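Asks: Can you read through this structure? Questions will come right after.
The values are calculated or read from the model by the stated rules, or taken from the named source; none is laboratory data. Remember, it's a predicted structure, so these values are computed and weren't measured experimentally. Virtual Cβ from ideal backbone geometry, glycine too; neighbours counted across all protein chains shown.
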Amino acid sequence: MSRDELATARAWLAEATRPVSFSGAGLSAESGVPTFRDAATGGLWSAFDPMRLASPEGFAAEPDLVLAWYAWRRQAVARAEPNAAHRALAARRDVRHVTQNVDDLLERAGARDVLHLHGTIGDDRCHGGCGHREPVDCGAEPAQRPCPRCGAPLRPAVVWFGEALPGDVWRAAETACRDADLLLVIGTSAVVHPAAGLIDVAGAAGARIVVVNPDASAADGVADLVVRGRAGDVVPGMLGERK
Ligand code: OAD
């Protein structure tokens, strides 16, 4: 990261009246939550099969394995604390937050109205689709439980491969990105669609696109500015105080 890049990002953010953050797993990496794809570590999907652990087919075939995997990830999230980037984002009250992350670190840093495109790991929901949803104890042992409303299995309230994104969240995120005058793209490989398509939505509507990532990402090509660095090192310096 050069001083010029940081100064430019800071000036653009100061000018922005409708800034939106679009984040991925890299935002929470410095809090100790593993990423999925990473040049340095390989990420979770280099060690684990996503179709086995994060798909309706995987859950049907091996529910205990899937629940154990989510219990492990829930414990990692419960142990984690918000980092400097979460805190800086939450402190800028005019930033709207769209995230692919299922953790609650932005909320724990004080952010309001976070749009979780891929759901929230701290809740279970009915796999049968009756709409029941409940918070879980992230430290508890995994166990298959029936939905108290309809008897279908409960499962983590996250979006699995092959599943649709929650429609209300998607529509709100699309509106926020279309209205944005600056999109701060933090810690995402930007390869998972439809979520990553929101970067193009914002760009096509005229927003400046600023990417923060220590490595190359699929968003670099549409960015007006790419800042190479870790979120916790870079984001606080970009975001001035503004209520
Ligand atoms: P990925 O794991 O695909 O990408 C993480 C990105 O974070 C990479 O581009 C890293 O270079 C970058 N990164 C690593 N450390 C960083 C740091 N300290 N600061 C900033 N950036 C850093 O994560 P996502 O793009 O979020 O979906 O992945 C998208 C979706 O793929 C996830 O939501 C999940 C996964 O499969 C579902 O579970 C549906």
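Asks: Would you confirm, using the coordinates I've provided, whether LEU225 is of a type in the set (A, V, I, L, M), under 25 Å from GLU30 (Cα atoms) and more than 12 Å from the ligand (Cβ to nearest atom)?
Replies: yes
Asks: So, ALA143, is that one buried (at least 19 other Cβ atoms within 10 Å of the Cβ), in contact with a Leu (Cβ under 8 Å, 6 or more places away or on another chain) and either in contact (Cβ under 8 Å) with a residue 40 or more places away in the chain or over 22 Å from MET51 (Cβ atoms) (or both) or not?
Replies: No.
Asks: Answer with yes or no whether GLY122 is small (Gly, Ala, Ser) and more than 15 Å from the ligand (Cβ to nearest atom).
Replies: no
Asks: Restricting attention to the stretch 163-173, does a residue exist that is at pLDDT 95 or above, within 16 Å of the ligand (Cβ to nearest atom), in contact with a Lys or Arg (Cβ under 6 Å, 6 or more places away or on another chain) and not basic (Lys, Arg)?
Replies: Within the stretch 163-173, not a single residue is at pLDDT 95 or above, within 16 Å of the ligand (Cβ to nearest atom), in contact with a Lys or Arg (Cβ under 6 Å, 6 or more places away or on another chain) and not basic (Lys, Arg).
Asks: Taking the options PHE59, PHE36, name whichever one is farther than 29 Å from LEU184 by Cα, surrounded by 14 or more Cβ atoms within 10 Å (Cβ to Cβ) and of a type in the set (Phe, Trp, Tyr).
Replies: PHE59
Asks: Also: Which of the residues belonging to the stretch 190-212 are near the ligand (Cβ under 9 Å from one of its atoms) and within 27 Å of ALA164 (Cβ to Cβ)?
Replies: ALA190, VAL191, VAL192, ALA195, ALA196, listed by residue number.
Asks: Could we say that ASP94 is over 30 Å from ARG145 (Cα atoms) and exposed (fewer than 15 other Cβ atoms within 10 Å of the Cβ) here?
Replies: Yes: the conditions hold for ASP94.
Asks: Tell me which of these SER2 doesn't satisfy, since it passes every other one: (1) touching a helix residue (DSSP H, G or I) at 6+ places or on another chain (Cβ under 6 Å); (2) at pLDDT below 90; (3) of a type in the set (S, T, N, Q).
Replies: Failing condition for SER2: (1).
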